[in-house]
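Student: One structure, as C-alpha cells, below. Some questions next.
The values are calculated or read from the model by the stated rules, or taken from the named source; none is laboratory data. Being a predicted model, the structure only gives us computed values, none of them experimental. All Cβ positions, even for glycine, are placed from backbone atoms using ideal geometry, and neighbour counts span all protein chains on display. Note: areas computed on protein heavy atoms with side chains; ligands, DNA, RNA excluded. Shrake-Rupley method; radii C 1.70, N 1.55, O 1.52, S 1.80 Å.
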Amino acid sequence: MIHSGSWKAFLKTSERIIRKFRWAFPFIFLLLIILYYPSGKFFHEPLSTVLLDKDGILLGAKIASDQQWRFPERVKTPEKFKKAILTYEDRYFYYHPGFNPISIVRAIIQNIRKGKIVSGGSTISMQVIRLVRKNERRTIWEKLIEAFRAFKLELTHSKEEILGLYASYAPFGGNTIGLDAAAWRYFGVLSENLSWAEAATLAVLPNSPALIYPGKNQSKLLIKRNHLLDQLYHRKIIDLNTCTLAKAEILPQKPFPLPQLAPHLLERAVKENQSGKRIMTTLNIRIQEKINEILLLHYPQLKANEIENAAALVLEVNSGNVLAYAGNIPFEGEAEHGQDVDIIISPRSTGSILKPFLYTAMLNDGLILPNSLVPDIPMQIGGFIPENYNLEYDGAVPAQRALSRSLNIPAVKMLQTYGYDQFCSLLREIGMTTLTRPADHYGLSLILGGAEAKLWDLAGIYASMARTLNHYTETGMYDKHDFHQPEFIKKENEYQPEFTSHTSVFDAASIFLAFTAMVEVARPDEEQQWQQFSSSSKIAWKTGTSFGNRDAWSIGVTPGYIVAVWVGNASGEGRPGLTGIGTAAPILFDIFKTLPATPWFKTPYNEMVPIAVCRQSGFRASAICEPVDTEWVQKKGLRSEPCPFHQIVHLDKTESWQVTSNCISPSEMVHKPWFVLPPVEEWYFRNKNPFYKVLPPFKSGCAPSESHNMDMIYPHPNSRIYVPVDLGGKPGSTVFKIAHRHPEHLVYWHLDDRFIGTTIQSHQMALSPSQGFHRLTLVDEDGESLMIRFEIMTKDSGK
C-alpha cells in the first residue's frame, strides 16, 4: 500500500519535470505522429509493363501511362551499382538510422561558405523520401521532415528494401526512371550485367539528371564517372587494372530503343490484367529471335502474293510452356496491313486442321482400325456437297491414308459415323474455346472448316495429346491434368503430376497411331527427301486450308515440341496459292530446324494388342477373310466390327460365273470368299487398285431374285438440281451417272416412265428435264432396277 505522503511527493516531482521540459512536448508529439502515422505504399506512380524471358532477359516493355519508362520495383539491387551508388552518395548507409548528422553539418558549412546550396547532406533513405515527396523545395523544415520520415522508413524497411526503392524510382535523365529502365535505355543490358564503368555512369546520373543527360555535357559526365571510379579504386572495391579499363569505356551517346521481341504477347498480357507488372514469362529469347527472323525471311515471298500476315507459336510438350510467341509478322512503326493483330488468339476458319482429332477419337472409341477402309465417293447431304481438294475419288481408302492425304470425303463420312454433336462436345472438352454455337449450327462441315479456332487452342490440344503419350510411355499411367491450355507466365513452383491408371481423354495407343499417320503427310518440295538424311527427325504434322484460301495452317508435333503456324491476311482476304502446304508448312519446317532434335515417341505396347486384320479392308478379320495380317492396334480396336466386305460367293467349277441352287447342284459349286465393295465405291476403287477383282456375273438363268450391282453416282436420291441457262437463254443439261459392277451390261433408262435410251460401259447420259419433280428408272439386262426421284430448279423457279 502506497503512503499518502509518498504519493504527494511523486506528484510534485512530476509537475516540476513537466514544467521544466514543456518546450519539448510539441517535438515529441510530432515525432510520434511521424513514427506511427501509417505509411502504406510509398510510391503510387504508374509503372511500365515489362516482359521478360524465362531467364529474366528483357523481351519488351510498354511505357507507363504518364509516358515515363518506369519499370516495376525491384527488391535486390545489383552488386556493382550498389557499391557505386553507396560510394558516391552514402558511404555510411549501413550504419546510420536514416539520416547522418555529420553529413548534414558538413553540408551546412559547405553551403554557408559557397553562399548557395551545393550539398544537401541527404542519405539514400532521405533521397527516397524526397522522391516520394516529389522533390519539395529545399528548406530546413523540409530537410527535418525528410530526416524524420527517413528514420521511420528505416524502422519499417530493411536496408536492401530501401536501396531497391531508390534504384527503382531515382531519375536517370529524360523520361527514364529507375535503374532497370536506365540500364536498357543507355546500355542495352540487364542491370545485373552492367560493367563497372556503366554502373558508375548510372550512379552519378540521379544526382543531376538534367545536367548530364547522356549525349549532352559529355565532359562533365566523364569527369564525374571517372572520379567515382577512382574512389572505387582507392576504397579497394576494384583493382587498378579494372579502373583503367573502365575509364577507357565510352559514354552512352543516346538512349537505345527498348527491345520489342514479343509485342503481341506484351499487349495480350496488358489486356489480361498484367499491366504495370514485371512479367517473367516461359519464353526462350533465343527461340523467339529465331522465329522472328524466319517470319521476316518468308515475308517478301508472301507479300509478293499480297499475303501480309503470319503467326507462329512454339510450345514445350511436357510443361505446355510457350517458348516463342510471334502473333504476327514483326514490324516497326505503324502497322499498315494488320500486323498489330494478334493472330494467335484470333478465331480463324480451321480448314482440315481438326481431322487428326476425329481420327484419334474414332480409334479411341474402337470405331475404326488404322487401315479400315472409309468411303471416298461423291456425296451430297442436303445442300452440303463436300469435295476432295484434288476433285478426285478413290472409292474407298484406308483411314490413316485418308488422314495423311487430308481427303475431305472420308473425313465427312467418318464424322457422319462418329456424330457431329458428339465431336463438337469432344472438341470443347479438349480445349477448343471458339465453339460457342449448338452443334447443329456446324453440322458435318465442322470437319472441313465450318467452325473457327484459335492457333493458341489448337497448339494446346496437340501438346496435350503428345504430353499424354509421353507420360504414359514413361510411367505406364495418365496424368489427370494432361489436357490443359498453354502457359506463358513462369510459375514459381514446378507442376507435380497427378498420375492415375484411368485413361485420359484419348488413350495413348490411339494418340500414337494418329501421330504415326501424320508422319506420312507429304512434306513441301524441299523437304520431300527428309528420310534420306540422318539429321532429319520424325515430325507428326498436319496442314489446313480454309474455304476461299483465306487461312493456311500447319501444326507439327514431336515428343519435345509443338510448332503451330498460321499464314493469311488479317482482313480475311483470300489469295490464290494461300495453302497450308504452300505457305505455312515451309515456315513450320524452318522453325523445327532451329529446335533440338528429339527421339520419336515410344510405342505404348501396354495399351495395344496384336490382332488379325483383313489385308484388303483393314477391318478386324472375319472367319472368311483372306489374306490376313497381324497388326498392333489400340485395345479398344478389339470391339471394332469385323470385315464387312468379304462374303462367300458360289461359282461354277470354272470360277467364271456366279451360280445359285436354281441352276446347279450345290455339290458342283465352288465356294470362295470374295472382297466386294458397294457398286459406287467399287467403280472408283478398281480404277486405282489393279488387284481388285470384280465379282463374276451370274450364269444365264442363275440370277437371284434380288441383287445389287448398280448404284447412282449423280444425282443422289431426292436431290434438288439447279440448272443454269446457256448464252442463248436456254436451260443447260445435267449429266446423270451410275456405277455398274459389270459395265458391259446394257442399262435401259426411263425418265418419268418414258424410255430415253440405253448405255453400255460408260453409264452416263446428259438430260434436260423440265422444271419440277421427276423420276428416273434404270433397268439392266438382268432385270435389276434402280429408281430415284429428283427436282429440277431454274433461275426463275423462285426457290
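Student: What is the helix-to-structure angle for 159-169, meaning the angle in degrees between its Cα long axis and the longest Cα principal axis of the chain, kept from 0 to 90 and rounded to the nearest 10?
Tutor: 70
Student: Could I ask something else about it? Over 23 Å between Cα atoms, which of 54/271; 653/693; 83/490; 672/693; 635/693; 76/491 qualify? Write out the running numbers ahead of the final one.
Tutor: On the way: 54/271 21 Å; 653/693 18 Å; 83/490 31 Å; 672/693 13 Å; 635/693 32 Å; 76/491 20 Å.
The answer is 83/490; 635/693.
Student: Please compute the length gained on full extension between residue 716 and residue 242, using 0.36 nm multiplied by the number of residues separating them and subtracting their Cα-Cα distance. Could the numbers behind the result be given before it?
Tutor: On the way: separation 474, 0.36 × 474 = 170.64 nm, distance 8.74 nm.
Result: 161.9 nm gained on full extension.
Student: Treat every Asp and Glu Cβ in segment 323-469 as -1 and every Lys and Arg Cβ as +1, leave all other atoms uncharged, and give the resulting dipole magnitude about the Cα centre to the nearest 20 debye. Numbers along the way, then the final one.
Tutor: Numbers: 9 positive and 15 negative charges, 113 e Å.
The calculated dipole for segment 323-469 is roughly 540 debye.
Student: Further, regarding this structure: Just going by the charge dipole of segment 404-559, with Lys and Arg at +1 and Asp and Glu at -1 on Cβ, which of 519, 420, 461 is farthest out on the positive end?
Tutor: So the residue furthest toward the plus end is 420.
Student: Roll a 1.4 angstrom probe over the protein heavy atoms and tell me the percent of accessible area of the chain that is carbon or sulfur. Present the calculation step by step, with values, prior to reporting the outcome.
Tutor: On the way: 21010 of 38730 Å².
Percent of accessible area from carbon and sulfur atoms in the chain: 54.
Student: Which angle between 0 and 90 degrees, to the nearest 10, do you get for helix 140-156 versus the longest principal axis of the chain when only C-alpha atoms count?
Tutor: 50
Student: Given a 1.4 Å probe and the protein chains all in place, what does the accessible area of residue 711 round to, in Å² to the nearest 10?
Tutor: Approximately 50 Å² for this residue.
Student: Sticking with this structure for a sec: Quick one: grab the alpha carbon gyration tensor of the chain, order the square roots of its eigenvalues as a ≥ b ≥ c, and give me rounded if a/c is under 1.5, else prolate or oblate depending on whether a/b is larger than b/c. Mind showing how you got there, number by number?
Tutor: Numbers: a/c = 3.24, a/b = 2.89, b/c = 1.12.
In terms of gyration-tensor shape, prolate.
Student: By the scheme Lys and Arg +1, Asp and Glu -1, what is the net charge of all other residues having a beta-carbon under 15 Å from that of residue 739? All intermediate terms of the calculation are to be shown ahead of the outcome.
Tutor: Values: positive: 686, 688, 737, 741; negative: 376, 394, 681, 682, 711, 744, 780, 784.
Around residue 739, the surrounding residues sum to -4.
Student: Whole-Hz Karplus ³J(HN,Hα) for segment 232-247, in order, using 6.51 cos²θ - 1.76 cosθ + 1.60 and θ = phi - 60°, x for Gly and Pro?
Tutor: 4, 5, 5, 8, 6, 7, 10, 8, 5, 4, 4, 5, 5, 5, 5, 5
Student: Roughly how tilted is helix 79-89, in degrees to the nearest 10 and between 0 and 90, from the longest Cα axis of the chain?
Tutor: Approximately 30 degrees, to the nearest ten.
Student: Also, I was wondering about something else. Kindly sort 636, 688 by accessible area of their heavy atoms, largest first, with the probe set to 1.4 Å.
Tutor: Values: 636 60, 688 95 Å².
The ordering from most to least exposed comes out as 688, 636.
Student: Based on the alpha-carbon gyration tensor of segment 580-732 and its eigenvalue square roots a ≥ b ≥ c, which shape applies: rounded if a/c is under 1.5, prolate if not and a/b is larger than b/c, or oblate?
Tutor: Details: a/c = 3.09, a/b = 1.24, b/c = 2.50.
Taking the square roots of the gyration eigenvalues as a ≥ b ≥ c, segment 580-732 is oblate.
Student: While we're looking at this one, here's another question. Find the centroid of the Cα atoms in segment 720-786 and in segment 163-212, then give the distance between the two in whole Å.
Tutor: What the calculation gives is 86 Å, centre to centre.
Student: First check a/c for segment 144-301, with a ≥ b ≥ c the square roots of the eigenvalues of its C-alpha gyration tensor; if it is under 1.5, answer rounded, and if not, answer prolate when a/b is larger than b/c or oblate otherwise.
Tutor: Working: a/c = 2.18, a/b = 1.37, b/c = 1.59.
Cα axes put segment 144-301 in the oblate bin.
Student: Relative contact order for the chain using alpha-carbon pairs under 8 Å, separation at least 6, rounded to a whole percent?
Tutor: Values: 1500 pairs, mean separation 74.2, N = 799.
Relative CO of the chain lands at 9 percent.
Student: Search the structure for amide H atoms under 5 Å from the amide H of residue 323, placed 1.01 Å from N in the peptide plane, and list their residues when 5 or more places away or on another chain.
Tutor: 314, 315, 316
Student: Still on this structure, please answer the following. Provide the packing ranking of 442-449, 733-740, i.e. peptides ordered by the mean count of other C-beta atoms within 10 Å per residue, highest first.
Tutor: Values: 442-449: 21.2, 733-740: 19.1.
Sorting 442-449, 733-740 by mean packing, highest first, produces 442-449, 733-740.
Student: What list of ³J(HN,Hα) values in whole Hz, one per residue of segment 412-424 in order, does the Karplus curve 6.51 cos²θ - 1.76 cosθ + 1.60 (θ = phi - 60°) give from phi, with Gly and Pro shown as x?
Tutor: 5, 4, 5, 5, 4, 6, 6, x, 5, 5, 5, 5, 4
Student: Turning to a different aspect of this structure: Expressed in nm to one decimal, what extension gain is obtained for the pair residue 249 and residue 691 from 0.36 nm per residue of sequence separation less their Cα-Cα distance?
Tutor: Details: separation 442, 0.36 × 442 = 159.12 nm, distance 7.97 nm.
So the extension gain works out to 151.2 nm.
Student: Right, next: In whole Hz, what ³J(HN,Hα) sequence does segment 310-323 give by Karplus (6.51, -1.76, 1.60; θ = phi - 60°), x for Gly and Pro?
Tutor: Listing the rounded values in order: 7, 9, 8, 9, 10, 10, 8, 5, 5, 8, x, 6, 7, 9 Hz.
Student: OK, next. Quick one: which of 750-756, 73-79, 197-203 comes out on top by average Cβ neighbours within 10 Å, and what's the full order, highest first?
Tutor: Working: 750-756: 11.9, 73-79: 16.1, 197-203: 27.0.
In decreasing order of mean packing, 750-756, 73-79, 197-203 become 197-203, 73-79, 750-756.
Student: Convex hull over the Cα atoms of segment 148-200, averaged projected area in nm²? Can you show the working numbers first?
Tutor: Values: hull surface 17.4 nm².
Dividing the Cα hull surface by four gives the mean projection, 4.4 nm².
Student: Can you give the accessible area per residue of the chain, in Å², using a 1.4 Å probe? Mind showing how you got there, number by number?
Tutor: Values: 38730 Å² over 799 residues.
For the chain, the per-residue accessible area is 48 Å².
Student: Taking the Cα centre of segment 221-264 as the origin and placing charges on Cβ (Lys, Arg +1; Asp, Glu -1), which of 237, 256, 227 is farthest toward the positive end of the dipole?
Tutor: Value computed over the given set: 227.
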